[in-house]
Every structure is written in structure tokens, then in C-alpha cells.
1. Antiparallel DSSP bridges in region A:2-77: what percent, to the nearest 5?
2. Can you find, among B:L576, B:H637, B:A666, the residue farthest towards the positive end of the dipole of region B:550-707? Put +1 on the C-beta of Lys and Arg, -1 on that of Asp and Glu.
3. In chain B, if the dipole is taken from +1 on Lys/Arg beta carbons and -1 on Asp/Glu beta carbons about the Cα centre, which of B:L180, B:C565, B:A266 is farthest to the positive end?
4. Could you calculate the FRET efficiency of B:F186 with B:K370 from 1/(1 + (r/R0)^6), where r is the beta carbon distance between them and R0 is 45 Å, rounded to 0.05?
5. Can you give me the pair-distance distribution of region A:2-77, C-alpha pairs, 10 Å bins, whole percents?
6. How long is region B:425-706 along each principal axis, judged by its Cα atoms, biggest number first, in Å?
7. Can you give me the relative contact order of chain B as a percent, contacts being Cα pairs under 8 Å and 6 or more apart?
8. Below 21 Å, Cα to Cα, which lysines can A:K2 reach? Residues fewer than 8 away in the same chain don't count.
Amino acid sequence: MKSTVQFSLNGGPVSLTADDGRMLLWVLRTDLALTGTKYGCGEGICGACAVVINGQAHRSCRLPLKDVAGAEVLTIEGLAKDGRLHPLQQAFIDHGAFQCGYCTSGMLLDAYALLLSDPRPSRAKIVAGMEHNLCRCGAHQRIVDAIEQVSTQTGAET
Amino acid sequence: MAAPRLARREFHKLVGGGIVVLFGASALPMAQAQGRRPYPSDFHAYLSIGDNGRVTVYSGKIEMGQGVMTSLAQMAAEELGVDLASIDMVLGDTDTCPWDMGTFGSMTTRMFGPALRAAAARAREVVKSLAAARLEVPGDRLRLEHGVVSVIGEPGQRVSFAELSKSVRIAEAVDQAAVLRAAADFSVMGRSPSRLDGAEKVTGAAKYAADIRLPGMLYARILRPPVHGAALNKADTTAAKALPGVVVIERDDLIAVLHAEPDSAAAALALVQADWRLPDMTLGPDTVFEHILAHAGDQKQIAVKGDLGSAPVARTFETTFQKGYVAHAPMEPHAALADVRHGGATVWASTQTPFPTRDSVAKALGFDPKTVRIITPFLGGGFGGKSASGQAVEAARLSQICGKPVQVERTRSEEFFYDTFDPASVVTVSSALDRDGRISRWDYAVFAAGERGANPFYDIPNLRIRSAGGTSYGGAPAVAGLHPFAVGPWRGPGANMNVFATESQIDIMAAAAGVDPVAFRLKHITDPRMRRVLQAVSAAFGWRPSVGASGSGQGVACSSDAGSCVATMAEVKVDLATGKVTVLRIVCAQDMGVVVNPNGARMQIEGGLTMGLGYTLTEELRFNGGDILDRNFDTYHLPRFSGAPRIEAILVKNDDLEPQGCGEPAITTTGAVIANAVFDATGVRMLRLPMTPERILAALPTSAQRK
Ligand code: FES
Ligand code: FES
């Protein structure tokens with residue numbers, strides 16, 4: 001159903017008129033031209049499309065637009081603040097935690113939400129928390145290393 | 001808005017003034033190994049130095065995660081004497097970059113690298129002579145560093161690259177005799193700077209083909225057959241047409257629904273009613289091996305040595321190995337945006353082969369290839385699967401028909417369906433030990449995988465290697481009907497299967513000979529590089545010599561691939577109740593000649609081995625004839641975090657050798673190293689990949705037998 005949906009996106013207000021049953025992923029990528037959120041599977045399996053909503057990670061390919069009305073939505077484009085990379089982003093660079101980079105947005109946002117809920121997870125908890133994010137390039141151990149470093153250094157600083 | 005066509009001889013106009021290094025008439029001999037034609041001698045440039053002092057490097061290679069954007073920039077910076085930060089990379093743009101067959105076969109560093117370094121060395125000489133004239137000193141008194149030329153001993157006497165290139169328009173040809181810097185003098189190569197694409201990739205700014213936007217563009221969803229080989233009886237698009245904003249295109253072989261929103265196009269496509277004639281579907285994952293053996297066609301002789309018939313034989317070993325179809329499954333599905341207007345075409349495509357794709361787009365449109373430009377943004381993984389780029393042709397055709405820019409982005413289901421799978425394959429080996437426990441004969445035949453990695457590096461006096469139904473590069477075989485769907489090169493094509501078979505057979509013989517597998521290998525390896533990597537990995541891993549299955553779960557495998565030597569060791573645990581294999585750690589030593597970027601090389605090794613655990617343990621396409629049953633990651637299982645072990649990559653120094661391949665060699669050892677470790681843990685020899693829990697369980701002796 002076409003309706004006007006309002007929410008906060010990366011700290012700024014958004015008001016959008018669209019069919020509110022459409023999935024957030026396509027609204028972000030098409031209507032809002034924010035292409036950092038990726039399509040990987042369309043069925044909630046791979047994590048490429050992860051976004052953070054009210055502090056929790058969600059799969060935007062399975063999330064209807066109407067469900068974010070009034071919510072605070074964070075996408076990869078909003079993770080760096082004032083041109084300063086978030087510690088997770090910096091750690092991903094420092095550890096070489098990506099190759100092709102296609103899974104990276106989703107990895108970062110899921111890791112961000114993980115550290116929000118548990119600032120000092122054990123390595124096993126990081127592995128379990130990231131289990132449903134797929135990376136075909138095999139950057140896994142470096143991704144865990146990067147998240148672990150941030151958690152031990154700074155906790156879930158935002 | 002088609003991107004501007006370039007007038008062919010106006011490269012300076014494109015890149016501005018400054019210094020441009022073009023191809024010489026004499027193509028570099030190394031480049032010829034790249035494929036059907038050498039790097040060309042037309043106007044395209046390797047690099048230019050702009051009047052702001054920035055250096056732009058042009059390469060027909062593409063960045064799909066393997067890190068060549070950074071490593072190629074390092075090579076240019078090293079030879080030129082500029083900082084890495086002053087290099088800009090243009091990759092995979094057919095209008096500006098030198099012709100290239102494609103990015104595959106671990107050839108970027110080996111084949112394009114020397115050409116680029118020679119071009120940069122040529123540019124360095126040009127800069128030097130300009131500076132010598134400007135500073136009025138002989139060239140041999142000059143030093144190039146950080147983009148500045150200064151007089152040795154008089155640092156005040158200096159001039160920058162920017163000043164030198166300001167008012168000149170120089171186009172130089174590559175000098176084949178260029179003197180490249182020695183590894184001992186490297187200051188940019190041999191280091192691990194932060195990747196040039198890092199900031200873009202962690203901020204979401206990096207653009208992939210599906211991220212390109214043009215005003216007025218439409219997103220297409222294409223009607224696909226339910227199974228390979230199906231023929232369309234009729235399609236009814238009435239309901240789709242009734243939706244607002246929908247454009248339907250119907251051609252004999254192409255029915256598409258287009259919309260300004262991709263998800264709305266998908267919703268409209270779901271309303272198309274299609275009636276298909278289905279083909280006969282009989283082959284499945286378990287019956288395909290017999291089919292391959294029967295239909296692979298003539299055996300091609302790959303190598304022969306000594307005389308199999310007269311080899312001294314004390315014990316013989318006959319083994320058949322099998323491996324299923326494996327998907328590339330890059331996280332980014334194939335995508336393309338095509339703008340075919342005003343008599344030309346520009347296509348942003350997720351492709352490993354921009355130049356061949358340009359030619360196929362031109363052919364489909366009826367255009368001269370000169371009027372077609374392929375631009376390759378970042379690729380979200382390729383692994384060989386984006387050598388085929390049919391989506392670019394589809395987007396171009398649709399754009400030509402509707403007169404608007406059109407994007408085609410495959411759904412995950414389409415990505416599986418249209419993948420060019422790593423072929424299912426079979427290897428038969430008949431080998432023998434003589435009375436002294438040395439390998440005396442080796443009769444090896446590979447079916448459908450192709451011959452890469454089939455010829456063993458072991459010292460075997462009598463051998464014969466044959467290959468049927470495959471190709472050397474992993475491309476589709478000429479045998480029609482061998483596979484029920486498309487197959488093609490998959491990271492380390494053929495070598496994954498051949499190394500699995502060879503290195504398993506070596507272990508089988510070592511156990512029978514009562515010799516530790518590492519000692520057995522060393523006894524048959526004369527290549528000093530291979531001996532060194534095997535010794536290096538043994539030391540780092542802490543190999544515990546043993547005979548037969550020790551119960552501790554350690555395994556070893558070696559491979560000689562893309563000019564590199566690799567030895568890998570792994571430690572596994574096998575759950576006897578479930579058959580599940582847990583890989584605890586992997587150590588891999590590789591000699592790849594001069595290492596351009598050590599951290600990048602380690603990432604490729606780790607990534608390859610992690611990816612390899614898929615075809616080794618969990619990945620095998622399920623199908624029924626042309627019906628692809630796995631269409632997403634819920635049933636097709638990629639390696640995940642919980643299955644990713646600690647991997648340690650050791651780069652064995654060898655600065656006397658030019659840089660060799662890196663993206664593929666390590667992955668080729670995965671199947672064998674894990675199979676050998678599973679044998680060590682359980683005494684069970686697994687002959688088919690993947691080694692799923694069910695298969696291991698079925699192979700394990702029952703607990704009664706174990707007692
Ligand atoms: S695209 Fe949403 S989880 Fe894969
Ligand atoms: S970096 Fe390529 S999929 Fe993760």
C-alpha cells in the first residue's frame with residue numbers, strides 16, 4: 001500500500017512515499033540511492049544486506065518499509081562520523097578483514113550490533129554472532145580478529 | 001547519457017598532457033603466454049604522469065578481491081620512484097586500458113606485472129632525462145624518490161614530477177630492455193601497505209556494477225526456464241503489463257519485465273504465466289560419474305615418461321577418485337548496467353573479461369566493437385565464474401530495445417542456475433612401488449576436470465598422464481552432452497581435483513610402504529623449491545612423523561601451480577558419532593618468487609584455503625538433469641565462521657625468481673590435505689569430495705568392528 005513513511009536514517013530525518021510493503025533493501029538502494037547495503041541472497045541467509053535498527057541488526061531484504069516507521073536506521077553510510085572511521089571500520093582495514101568487500105557492509109553492521117549488545121564478547125561468541133554472515137572470499141579469521149581487537153580496546157564505542 | 005567515445009588517437013586529450021607510456025611495437029614475450037594474442041601495440045597506455053604529478057596506471061585486469069589494485073600500483077610506484085599515494089588505478093575500462101584477455105589463472109602479477117614494470121621503468125628514464133636537461137646534470141647523478149628528482153649529494157637541486165610533466169606531451173613506447181629494480185632495493189614492493197580500496201570498502205562507497213545509477217534507468221527481471229534444456233511453449237504477460245510503470249519486452253529468446261524499481265520488476269515478473277516443455281532429466285550427483293567415464297571422449301596424452309610395461313613392481317595401487325559439481329557463488333551476483341543510445345554502448349559490468357565481453361556485446365547489438373565500452377567497477381568476487389558475462393549482453397540488448405539504460409542483476413537463484421560450475425570429475429590412478437619402496441610407475445587418467453595439476457612433480461621413472469573431457473584452463477570441454485548444464489573455470493581449475501587425487505594416492509602408498517608421509521614425499525621430490533616449502537611447513541606446523549593412521553588427525557599435501565610451490569598441513573578432529581570433520585588449524589608454506597605484497601599474499605592463501613574447505617567438506621551441487629536443485633545458501637553450504645580454522649601462511653623467500661601466481665595455488669591443496677588428515681584421524685580413506693558427515697559415517701567401521 002502506498003503511504004508516507006518517516007524514520008531516521010543515519011541521524012537525519014527521512015520522509016518517503018512508497019508502497020510500504022516493499023523491502024527496505026530496495027528502497028535504500030533505489031529510492032534513497034544508498035548502495036552500500038548489498039543484495040546477496042534476498043532470503044535473510046547471507047547478511048550482505050544487514051542494517052541496524054534501534055540498535056539491533058536486521059536483514060533489510062526481509063524487512064518491509066512499514067516496519068521502520070519511526071525507527072532509527074543505521075546503514076553502512078552512517079557508520080563513520082564526521083569523516084572519522086568507526087573503530088570497527090579502521091580495524092577491518094588494519095586486519096585486512098575483506099577482499100572483494102561485498103560482504104563487508106553487512107559484516108560491519110552485524111559486528112556493530114553485536115558489540116552494542118555485548119561489548120566484550122569472547123572469541124567464541126564473536127564466531128557465533130557472525131555465523132550467519134557469509135563471506136565467499138574467506139576473510140573469516142581476519143574479520144574475527146578485527147572485531148576482537150575493537151572489543152578488547154574500546155568496547156562498543158559508537 | 002552514453003559515456004563519451006574516445007577518438008582513437010587522442011589519448012593525450014583523455015589523460016591530459018604529461019608523459020604517457022604506450023605499448024611498444026614489440027610485445028613483451030611474457031605477455032604472449034597470456035593467451036591468443038600478445039598485449040597489443042595500439043595506442044592504449046600503461047600509465048601516464050599528469051601535469052599534477054599524479055600517476056595513472058591503466059590495466060585491463062579487474063579487482064575482485066585479490067588485491068591487484070594495490071599490488072599493481074606498488075609495482076608502478078616502485079619502478080617509477082613515486083609514493084603509492086600518488087598512483088591512481090584505472091582497471092577494466094576497455095576504452096582506456098590495454099587489451100587483456102581476462103583476469104584469471106593467477107596471471108596478473110606474472111604476466112601483466114612485468115609489462116607494467118617495464119612501462120614504469122621506461123617512464124622513469126623519460127623523467128630522468130627531462131630532469132637532467134632541466135637541472136643540467138648527467139642522468140646518472142640523479143635520484144628519483146617520492147615523486148621528486150634530485151641531484152645525488154645536492155638535495156637542494158631538485159625538480160618534481162609535476163613540474164617536469166607540466167608542459168610536455170610525450171608518448172613513449174615501452175622498452176623491452178627496461179632494467180627493473182632488484183628485490184634488494186625495493187622500497188614499495190615487498191611491503192604491505194594498506195589496501196588502496198580499503199576506505200571505500202569499509203564505508204560502503206565502493207561501487208559494484210549493480211550500484212551504478214543513471215537517470216531514467218530501468219531494472220530488468222528476465223523470464224528464466226525452470227530447468228536447463230527447457231523450451232518455451234508460450235508465455236502470457238498480460239497481468240504483468242497491467243501493472244503501473246511496467247515495460248514488457250518480448251523477443252523470441254528474451255522476455256523481460258522492466259520497472260524503475262528492481263523489486264517491482266520482480267513482482268511483475270512473478271505474474272508472467274509461462275508454459276515450458278521439459279527435457280528428459282535423469283542424471284544426478286551420484287550417477288554422473290559413470291556418465292562422465294562413458295562420455296568423456298578421447299583421451300589426450302599429457303605426459304609420458306619411461307615405460308609403464310617394464311617398470312619393476314612389488315605392490316600396485318588402483319584408486320578411483322570423484323568430486324561433485326561446485327558453484328562459484330560469489331557474494332555479488334552477476335550484474336550489469338547498459339546504456340545503448342546514440343549509436344554507442346557503455347556497459348558497467350561485473351565481469352572478469354571486459355574485452356571479450358565488449359566483443360560479445362558488440363556482436364549481440366550488431367555494433368562495431370569500437371563503439372562499445374565496458375567499464376568494470378569493483379567485483380564482489382569472481383573465482384572464475386565471472387569469466388562468462390551473459391548478463392552484460394542481456395542488459396545491452398534490453399537497453400537497445402527500450403532506449404533507456406537497463407540494469408540486469410541476477411537473483412541468487414539465477415546466479416546458481418546460470419553458474420558455470422566447476423565440473424564433476426573422476427580420476428583413476430594405477431601406481432606401483434618397487435621393492436625398495438620407491439614409486440616405480442604412475443598411470444593416471446583424469447576425466448572432465450582437465451589436466452592442470454595432473455602431471456606430478458614427483459620423481460617417477462615411468463609414468464603416463466592422460467586427460468579426457470576437460471581443458472587445460474578449466475573451460476567447457478568440446479564434448480557435447482557431457483554435463484547437463486554449463487561448466488567453466490573455477491579457482492585453480494582442474495588442479496583442485498588433480499591435487500586431491502595425486503596427493504591422496506601418494507599418502508596411500510606411503511602408508512603401504514610403512515613410511516611417514518612427509519619422509520615419503522621428500523624421498524621422491526628433487527625440486528629444491530618444493531623441498532623447501534615442505535620442510536618449512538613441517539617445522540612451523542610441528543609435524544609428528546608417523547606411519548599409517550596415527551589417530552592424531554594430521555595431514556599433508558603439496559602442489560605446484562601457477563609457478564608457485566605450496567605445501568599445506570592441517571589438523572582435524574572427526575566426530576565418530578556423526579562423521580563431522582572439524583578443521584582445527586592449517587599451516588601453508590608457499591614459494592611464489594618475489595612477493596609484491598606479503599600481507600595481500602597471505603590473505604589470498606588464507607582465503608583460498610577457507611574457500612577450499614567448501615568443496616572439501618560441504619559443497620556439492622544437487623541437481624536432477626538440467627534442474628538445479630540448490631538455488632540459495634540455505635541448502636548449498638558455504639564455509640562459515642564456525643568452520644573457519646586458524647590459518648597460518650608462510651611465505652618462503654625466493655627473491656631470485658620473478659613474482660609467480662598467488663590467488664590459486666594454495667586452494668588446490670585443500671581437498672587432499674583434509675582427506676589425508678581424516679585418514680590419519682580415523683584410518684578411513686575418503687575417495688570422494690565433498691567428505692560430508694554422511695559419507696564419512698558410511699565409511700567408518702561400525703563401533704562393533706572398531707572393537
Ligand atoms: S540479501 Fe539479505 S540476508 Fe542475504
Ligand atoms: S570479502 Fe568478498 S565476500 Fe567477504
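1. Close to 90 percent.
2. So the residue furthest toward the plus end is B:L576.
3. B:L180
4. 0.70
5. With 10 Å bins starting at 0, P(r) equals 22, 61, 17.
6. Principal-axis extents of the Cα atoms in region B:425-706, largest first: 51, 49, 40 Å.
7. 13
8. A:K66, B:K241
FYI, it's all coordinate maths here, none of it is from the lab. The structure displayed is predicted, hence computed values, not measured ones. Counting neighbours? That spans all protein chains shown, and the Cβs are built from the backbone with ideal geometry, glycine included.
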